[in-house]
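Chemist: What follows is a single structure, and I will ask about it in a moment.
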Amino acid sequence: MQILQEKRAATLNQVYQAADLPRPTILRILRTLEGAGWVRRGLGDGLYRNSFKIKGMLKGLDDKDRLAEIAAPFLDILCREASWPSDLAVIHHEKIYMQLIETSRAKTPFLLKRDEIGHMINIPLSAMGRVYLAFCDQAERDDIINKLKETNSVANRIVMNDKIFLNQLEKIKVNGYATREASFGGGERPLRSSYDDGLQAIAVPIQIENKVIGCISLVWVRQAATIEEIVKKFLSNLKETADKIKVAYGT
């Protein structure tokens, strides 16, 4: 656990190299700790991490670790129901991005781009960023939008027209979900004119009282289905998953 604390997340080989013990012994220890709930494996990347359950014993774990750990089995179930994968992200106020903290993309039978855990996602163009802004409180929304304006980034220029952008957020709140903005292409370069991952997404918030603690999305290959088809088939599943995560997180 000390090795995992230092590395935050590690492969079996990385633990083996740091521990200087036989590989079968390391694997047996990790499986024992995982079975006891002291260590977990990421759903998206398969890396070993210390469980949030031992937060009081170790430093370096925070609320997003707990959220990722709680959400992982629900994302796995949703992927089995829909076949398409889901992402889980939280707001990163300092860098003004949504941060990917868990994903079921490794579980889908479909071939699509896999973003790494920790990947930073544009806020005003992505489905998860847009649904976050639509459902967070007004003071937080105003603060985020003002910071986005200060970046002078082409990818954030959509927020410069307050009336149009705020109207979009209001429609998202009425609908209960968000989709990607048409110009969003995913990846490190968010504009589709620079990069296109070929995907589309719908996203919903995870709310406890009036606070958005994170957002989950359902992601699919854009050419495989329309937004309307995915909404009709899977929006209720996505919302139910968000509710289950909320309940589990609040207990």
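Chemist: Under 10 Å from the Cβ of Leu88, count the other residues' Cβ atoms, weight Lys and Arg +1, Asp and Glu -1, and hand me the total.
Modeler: For residues surrounding Leu88, the net value is -1.
Chemist: Now for a separate question. Structure shown: which of Lys171/Lys233; Lys149/Lys233; Lys64/Lys107; Lys147/Lys232; Lys147/Lys171 lie over 32 Å apart, alpha-carbon to alpha-carbon?
Modeler: Where the Cα-Cα span goes over 32 Å, the pairs concerned are Lys149/Lys233; Lys147/Lys232.
Chemist: Would you mind ranking His119, His92 so that the residue whose beta carbon has the fewest other beta carbons within 10 Å leads the list?
Modeler: Exposure proxy ranking, most exposed first: His92, His119.
Chemist: If a/c stays under 1.5 just call it rounded; otherwise compare a/b with b/c (prolate if a/b is bigger, oblate if not). Do that for region 192-247, with a ≥ b ≥ c from the square roots of the Cα gyration tensor eigenvalues.
Modeler: Since a/c reaches 1.5 but b/c is at least a/b, the shape of region 192-247 is classed as oblate.
Chemist: Something else: Students often check this: by mean Cβ neighbours within 10 Å, which of 148-159, 101-112 ranks highest, and how do the rest follow?
Modeler: Put in order of decreasing packing, that is 101-112, 148-159.
Chemist: Treating cross-link reach as a plain straight distance, find the aspartates and glutamates whose alpha-carbon is under 17 Å from the alpha-carbon of Lys163, omitting any fewer than eight places away in the same chain.
Modeler: Of all the aspartates and glutamates, those that pass the test against Lys163 - Cα under 17 Å, at least 8 places apart if same chain - are Asp142, Asp143, Glu181.
Chemist: If we count every other residue with Cβ under 12 angstrom of Leu199's Cβ, Lys/Arg +1 and Asp/Glu -1, where does the sum land?
Modeler: So the surrounding residues net to +2.
Chemist: Also, I was wondering about something else. If packing is taken as the average number of other Cβ atoms within 10 Å across a peptide's residues, how do 65-77, 191-203 rank, most packed first?
Modeler: 65-77, 191-203
Values quoted throughout were computed directly from the atomic coordinates according to the rules given, and no laboratory measurement underlies them. Worth saying up front: this structure is predicted, and the values here are computed from it rather than measured. We place every Cβ from the backbone using ideal geometry, glycine too, and count neighbours over all the protein chains shown.
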